[in-house]
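The values are calculated or read from the model by the stated rules, or taken from the named source; none is laboratory data. All figures in this text were calculated on a predicted structure; none of them were measured in a lab. Quick reminder, even Gly has a Cβ in these numbers, built from the backbone with ideal geometry, and neighbours come from all protein chains shown. Just the protein is used for accessible areas: all its heavy atoms, side chains included, with ligands, DNA and RNA removed. Shrake-Rupley method; radii C 1.70, N 1.55, O 1.52, S 1.80 Å.
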Amino acid sequence: MTALLVALVALPPVLFVYAYFGYPLVLRVLGALQAQRRAVSDLSEDPDAPGREWPSVSISLPAYNEEARLKGTLEALLELDYPRDRLEIVVVSDASSDATDAIAGSYADRGVRLLRLPERGGKVAAENFAAPQLANEIIVNTDATIRIPPPALKPLVRAFADPRVGVASGRDVSVSSVDVEANQAESGYVGYEMSIRALETRVGGIVGASGCFYGIRRQLHEPPFPPHLSRDFASCLIAREQGFRSVSVDEAICYVPRTASLEREYGRKVRTMARGLATLNYKRTLLNPFRYGLFAWMLWSHKLARWLVPLSVPIAVLGLVGLALAGSRVAGGLLIVTAVGTAAGFAAMRWAETGNAPGLVSSTGYAFAANVAGLVAWGRFLSGGSQAVWEPTRRT
């Protein structure tokens, strides 16, 4: 019994060390062993070469009440370095009640098409509605809150010259105004996540795409998808089921503004992880290593091991209580340390929310908030709660 309780106590640090340090280390080793494998860009023939054409691309832009951001987003998309006769831009209004539709309609003479849902259904519902009406070979999904620089689209599309690639994900770069100090730790986490995807691409392929900017073959995108799940995460799972691989393209940059506050980032993480858990459960057969081998291991390591860290903490506390009741003074001391640490974590969250916290406090508050959000997301998932209606993350 004591051994079991000790194992429960050890579970959070073991999961944390493996998910955030061990897994990347193993990826680096595997990547070094496969160094002879050429990069995605090397595998792909250059569509700019004589006698070849760039494939036709549809950019799908779901939008709900984005009057404040839509004009800037469309202007940026119209400046993309891509043959204009091979590119269509489609705004999918999720029954917006502001000037979103009027703004999109004002760009009709510049080739922007507007589709409108008759009633609000959420982001995935909007994508389901638009999919049959997007006729081009490659579908690029993005949203109104980010910016794609002009040179970024071609590298993303070039990845599809490799017939084995079904999904190509852009590289998020977290940015903010120079006068915005809140939530700085988000930038570090985004950079860390992008480095993991680059390693996964070298080894075999990524297990989740960036919802801000990713491309997918039409045949993988068109079938309707459950609206309460995460299509960007599922896109890589669907691709693997169909025998394709998914890659991250470093040159395909998109600028993602940081959320304006830790409170908003907390809410976003709850929504994202709860939907991610539901999506993984929907595609749980891909966790079978006997059928999906390396991909299943990467899915376990990158997604589930991380998500299990916050869930394992209350389990470890129960283990400490059991050991303390059995007479362990060490366990009793650790319970006190845990209580003090929890109080300090909440204090760091509140301080980080002000935007005036030192870097270490800000990072601590962000990490603590992420784990609390993970625990809440598990509760929502296990209780059967879902959020089919899309609430876009409002970014500056």
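Amide H to amide H distances under 5 Å link GLU66 with THR100, where only residues 5 or more positions off or on other chains count and H is placed in the peptide plane. Backbone amide hydrogens, once placed in the peptide plane, bring LEU87 within less than 5 Å of VAL57, excluding anything fewer than 5 places away on its chain. Take 76-83, 133-140 and order them by the average number of nearby Cβ atoms within 10 Å per residue, most first; the result is 133-140, 76-83.
Along segment 212-218 the Karplus relation, 6.51 cos²θ - 1.76 cosθ + 1.60 evaluated at θ = phi - 60°, assigns HN-Hα couplings of 6, 6, 8, x, 8, 5, 3 Hz to successive residues, with x for each Gly and Pro. Extension gain for VAL337 to LEU294 (0.36 nm times residue separation, less C-alpha to C-alpha distance): 11.6 nm.
The residue list ASN371, PHE346, LEU8 was ranked by how far each Cα lies along the charge dipole of the chain toward its positive end, using unit charges on Cβ atoms, and LEU8 comes out on top. Here r is the Cβ-Cβ distance between VAL321 and ASP85 and R0 is 56 Å; the resulting FRET efficiency, rounded to 0.05, is 0.25. A straight chain from THR354 to TYR282 at 0.36 nm per residue would run longer than the Cα-Cα distance by 22.1 nm. Around the Cα centre of the chain, unit charges on the Cβ atoms of Lys, Arg, Asp and Glu (plus for the first two, minus for the last two) sum to a dipole of about 1240 debye.
Taking the accessible area of the chain, probe 1.4 Å, and keeping the other protein chains in place, the carbon and sulfur fraction comes to 61%. Over 26 Å apart at the Cα level, from the set LYS154/LYS269; LYS71/LYS283; LYS123/LYS283; LYS154/LYS303; LYS71/LYS303, are LYS154/LYS269; LYS71/LYS283; LYS154/LYS303; LYS71/LYS303. Distance between the 7 Å Cα→Cβ label points at ARG120 and VAL17: 4.7 nm. The 3J(HN,Hα) values that the Karplus relation (6.51, -1.76, 1.60; θ = phi - 60°) gives for segment 90-106 are, in residue order, 10, 8, 10, 7, 8, 6, 4, 10, 10, 8, 3, 5, 5, 5, 4, x, 5 Hz. Gly and Pro appear as x. Ordering of 335-344, 110-119, 152-161, 96-105 by packing is 152-161, 96-105, 110-119, 335-344, highest average first (other Cβ atoms within 10 Å, averaged per residue). From helices alone, the chain scores -16000 deg cm²/dmol at 222 nm; the rule is -39500 (n - 2.57) for each run of n ≥ 4 DSSP H residues, then divide by the residue total. Charge tally for LYS283 (other residues, Cβ to Cβ under 12 Å; Lys, Arg +1; Asp, Glu -1): +3. Tally the DSSP beta bridges in the chain and give the antiparallel ones as a percent, rounded to 5. If I count the DSSP bridges inside the chain, around 30 percent turn out antiparallel. In plain terms, the chain from VAL330 to THR2 could stretch by 116.8 nm, reckoned as 0.36 nm per residue minus the Cα-Cα distance.
In order along segment 69-76, the phi-based Karplus estimate (6.51 cos²θ - 1.76 cosθ + 1.60, θ = phi - 60°) of 3J(HN,Hα) comes to 10, 5, 4, x, 5, 5, 4, 5 Hz; Gly and Pro are listed as x. Taking amide H as placed 1.01 Å from N in the peptide plane, SER230 has its amide H under 5 Å from the amide H of THR279, each at least 5 places away in sequence or on another chain.
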